[in-house]
1. With a ≥ b ≥ c the root eigenvalues of the C-alpha gyration tensor of segment 54-194, is it rounded (a/c under 1.5), prolate (a/b larger than b/c) or oblate?
2. How much length is gained on full extension from Glu131 to Asp150, taking 0.36 nm per residue of separation minus their Cα-Cα distance?
3. More than 17 Å apart: what percent of Cα pairs in segment 106-151 qualify?
4. Dipole size in debye (nearest 20) for segment 69-194 around its Cα centre, Lys and Arg Cβ +1, Asp and Glu Cβ -1?
5. In whole Å and largest first, what semi-axes does the C-alpha gyration tensor of segment 115-183 yield when each eigenvalue is scaled by 5 and square-rooted?
6. In a Debye calculation with equal point scatterers on the alpha-carbon sites of segment 64-115 and no solvent, what is log10 I(q)/I(0) at q = 0.30 Å⁻¹?
Amino acid sequence: MEEIAPTPLRTEISGRRPIFYSLGGLALLALRGWFLWLRLSPAPPSAPISSIPAPEVGHPAPDFSLPTLDGAEIRLADLRGRPVILNFWATWCPPCRREMPALEIVWQQYNRGDVMVLGVDQGESVSLVSEYVRQNVGVTFPLLLDRRQDVGDLYLVRSLPTTFFIDAAGIIREIRVGGPMEVDFLNEKVGKLK
């Protein structure tokens, strides 16, 4: 029987045409990607980014209004002129509970208002928060009720506790996710807000 020798694979490119087509295809693909990127990129804002309210360091803190535990209403914009510690918390959160005494000490140290301390409870009822505070914490700084967590969503809160340090001009200077925070840490952050 006659043996058929296998045909060797072509390993060399004859001519420059395949290379030209490959480079041209890559160039067209890159150009198309660049146009797509330009089209999908957001338009540059008309104002500098630092003037747009956003839950980010260097931006004005987004304004909101929430009821307090005792029925009053607090609006963040009304607190301009004073630094604000904005603490998102819940009664079921162990680090939140552990840092409440430190927040209360800072509230007392700064004459109950020279630095505003606001505790924003996430998604719990007035009765639950009232009972918890009465039995366990005893804070005197304002506790705000974000029952539907709209403000938590506005501030992109994904973990508790989350604390925003806002200067007297209403600009977010630092964000702390997690806890518990101690008095020395809070005093250091307040010192940077003044």
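Here, each number is a calculation from the coordinates, and none is a lab measurement. Small disclaimer: the values here were computed from a predicted structure and weren't measured. Positions of Cβ are generated from backbone atoms using ideal geometry, with glycine treated the same way; all protein chains shown enter the neighbour counts.
1. Details: a/c = 1.39, a/b = 1.20, b/c = 1.16.
It comes out rounded by the Cα gyration axes.
2. Working: separation 19, 0.36 × 19 = 6.84 nm, distance 2.30 nm.
Fully extending the segment from Glu131 to Asp150 adds 4.5 nm.
3. Working: 401 of 1035 pairs.
The calculated P(r) of segment 106-151 puts 39 percent of pairs beyond 17 Å.
4. Numbers: 15 positive and 17 negative charges, 43 e Å.
Here the size comes out at about 200 debye.
5. Values: eigenvalues 88, 47, 28 Å².
Ellipsoid half-lengths, sorted descending, are 21, 15, 12 Å.
6. -1.20
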